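Here the structure is laid out as structure tokens; the discussion comes afterwards.
The values are calculated or read from the model by the stated rules, or taken from the named source; none is laboratory data. Every value quoted in this text rests on a predicted model; they were computed, and no experiment measured them. FYI the Cβ positions are ideal-geometry reconstructions off the backbone, even for glycines, and counts take in every protein chain you see. Only protein heavy atoms, including side chains, enter the accessible area calculation; ligands, DNA and RNA are left aside. Shrake-Rupley method; radii C 1.70, N 1.55, O 1.52, S 1.80 Å.
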Amino acid sequence: MKLAVIGCGYVGLVTGGCLAEIGHEVIATDNDSAKMAVLEAGRVPIYEPTLEPMLASARKAGQLRFTADPAEAIHAADVIFICVGTPPRETGAADLSAIDSVARMIANEARTPKLVIEKSTVPAQTGSNLKRALTVYGRSGGTLFRVASNPEFLREGTAIGDFFHPDRIVVGIEDSASAEQLREIYAPILEGRFSCPVHSGKCPPAVKPEFLVTTIASAELIKHASNSFLGLKISYANVLSDLCEKLDGNVEEVTRAVGLDPRIGPHFLKAGLGFGGFCLPKDIQAFMHLADSVGVDFGLLREAERVNRQRIDRLMEKVHHFLWVIKDKQIGLLGLAFKPFTDDIRLAPALEVIRRLIAEGARLRATDPEAMERTRALFPDIAYSADPYEVARGADALLLLTEWPAYKKLDWARVHKEMARRLIIDARNQLDPLEMRLHGFEYDSFGRAGSRA
Ligand code: UDX
């Protein structure tokens, strides 16, 4: 099938690349000409494991091409995936101006019937507004537009694996023909007819994904409801971790036992510095705003968000507890990205930690396997190094802020030698408290009683 992807950000690139990989002919476009130049030159503007080789092989096979001309993409395809950004406005509501402008462009350019699919995360009711915009701006009055919602559940860092091995594919539709078209698009995934670029033929056993056909409004709600619930779970674990600190419990023991109840499940109960990134925090905000706008009180989410913001306060309390005065102390930061295996720092907790430490006069050194360049653009005065041992050199404290696996395997005897004061605050509960003390460190983490020196 001939598909167009409008918007070559993270979601657009992963979606377009994966759709090409399962055999569709994909043409992708974006209104950012600098980004298109990078893509057309065969490079990829973001870091996501497996993405670069997958895009290269899809282009080589002629399944995927990029164009800076949106009209070309619209003319070429029967199905158009809208993957543009929906960033938060001051109020927390999603800014839908990019969706609106793409809708007008499609309406203006289309000469043949199109199925227009919302892939971007949007609040409920966007589908009906999109349909109206397509209809009223349609040039050749008779062009038929159908609208569908197909939310993505791709996690950064594992997005390509998530595309090939989803738990569910949700399609919100207005007529059964759209459901059938979407089922056909995803048939290779539903029937396991693909060669997975992540696991090279050795995919872990997985349950067959469910293909869920819903109304458009339900599909839009499902995306916000899922991400908001994940945020709730994390904040719940983080409050448990505060309780454990006060009552000598160990949050890992508690959440493990709680998560073994299949009604609760083990995932997203990891306590630490809280959730960041461009999905969970912004989706919670947008969902709260949507609920407010229709007079439904979703205070539950407000609370989850408040708990999440306070994680930085909790970390700063620990830093103060140990260092007393922060001014002129040298602090090393391990990790900057909002989670491992990405270079994404949008709404990363590390950024707020940096702001607070700088405001108090700390001297900072930082490392991250992928996110240093993006962070340098915001904080040029920090000393960056790819070498964690250099970051430890002369430091009064090391803060572990992102759970990159490499930080679990550091040569701690060497780190110990490098540091001026052997203090490690592990904001992601990555290291073993006992082992760290045996190495001679003062060590603290979140909610693991007895771990405070
Ligand atoms: C999320 C959703 O998981 C995905 O389905 C959706 O499509 C996009 O948004 P992503 O933003 O990539 O994905 O990250 P995710 O893995 O959900 O993690 C979000 C944040 O929560 C990270 O900062 C992570 O460190 C934090 N987190 C996650 C915790 O603090 N504890 C946990 O137990 C899990």
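Below is a table of values for the structure above.
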{"read-out": "Heavy-atom accessible surface of region 285-427: percent carbon and sulfur, 1.4 Å", "value": "54"}
{"read-out": "Virtual spin-label span in nm between A377 and E317, 7 Å along Cα→Cβ", "value": "3.5"}
{"read-out": "Farthest positive-ward along the chain dipole, Cα basis, beta-carbon charges - from G192, G85, L315", "value": "L315"}
{"read-out": "Fraction of antiparallel bridges per DSSP, the chain only, in percent to nearest 5", "value": "5"}
{"read-out": "Helical mean residue ellipticity (222 nm; -39500 (n - 2.57) per DSSP H run of 4+; nearest 500) of the chain", "value": "-13500 deg cm²/dmol"}
{"read-out": "Gyration tensor verdict on region 315-453 (Cα atoms; rounded if a/c is under 1.5, prolate if a/b is larger than b/c, oblate otherwise)", "value": "rounded"}
{"read-out": "Distance between region 356-388 and region 135-189 - C-alpha centres, whole angstrom", "value": "40"}
{"read-out": "Angle in degrees between helix 10-21 and the longest Cα principal axis of the chain, rounded to the nearest 10", "value": "60"}
{"read-out": "Acute angle (nearest 10 degrees) that the helix 349-359 long axis makes with the longest principal axis of the chain, alpha-carbon atoms", "value": "50"}
{"read-out": "Bridge type composition, region 32-171 - antiparallel percent by DSSP, nearest 5", "value": "10"}
{"read-out": "Pairwise centroid distance, computed over Cα atoms, of region 406-423 with region 283-342, Å", "value": "27"}
{"read-out": "Size of electric dipole in region 142-274: Cβ of Lys, Arg +1 and of Asp, Glu -1, about Cα centre, debye, nearest 20", "value": "200"}
{"read-out": "Rounded tilt (10° steps) of 280-293 against the dominant C-alpha axis of the chain", "value": "60"}
{"read-out": "Prolate/oblate/rounded label for the chain (Cα gyration tensor, a/c 1.5)", "value": "prolate"}
{"read-out": "Shape category assigned to region 39-198 from the gyration tensor of Cα positions, a/c cut at 1.5", "value": "rounded"}
{"read-out": "Calculated FRET value between Y137 and K327, using beta carbons and R₀ = 51 Å, to 0.05", "value": "0.30"}
{"read-out": "Relative contact order [Cα under 8 Å, 6+ residues apart], the chain, whole percent", "value": "12"}
{"read-out": "Carbon + sulfur, % of accessible area of region 1-124 - ligands and nucleic acids excluded, 1.4 Å", "value": "50"}
{"read-out": "Accessible surface, region 121-178, averaged per residue in Å² (probe 1.4 Å)", "value": "41"}
{"read-out": "Carbon/sulfur fraction of accessible area - region 145-216, other protein chains in place, 1.4 Å, %", "value": "53"}
{"read-out": "Peptide ranges 85-97, 398-410 listed from the most packed, as the mean C-beta count within 10 angstrom indicates", "value": "398-410, 85-97"}
{"read-out": "Surface accessible to a 1.4 Å probe, per residue, for the residues of region 365-453, Å²", "value": "43"}
{"read-out": "Rounded accessible area per residue of region 206-273, 1.4 Å, Å²", "value": "57"}
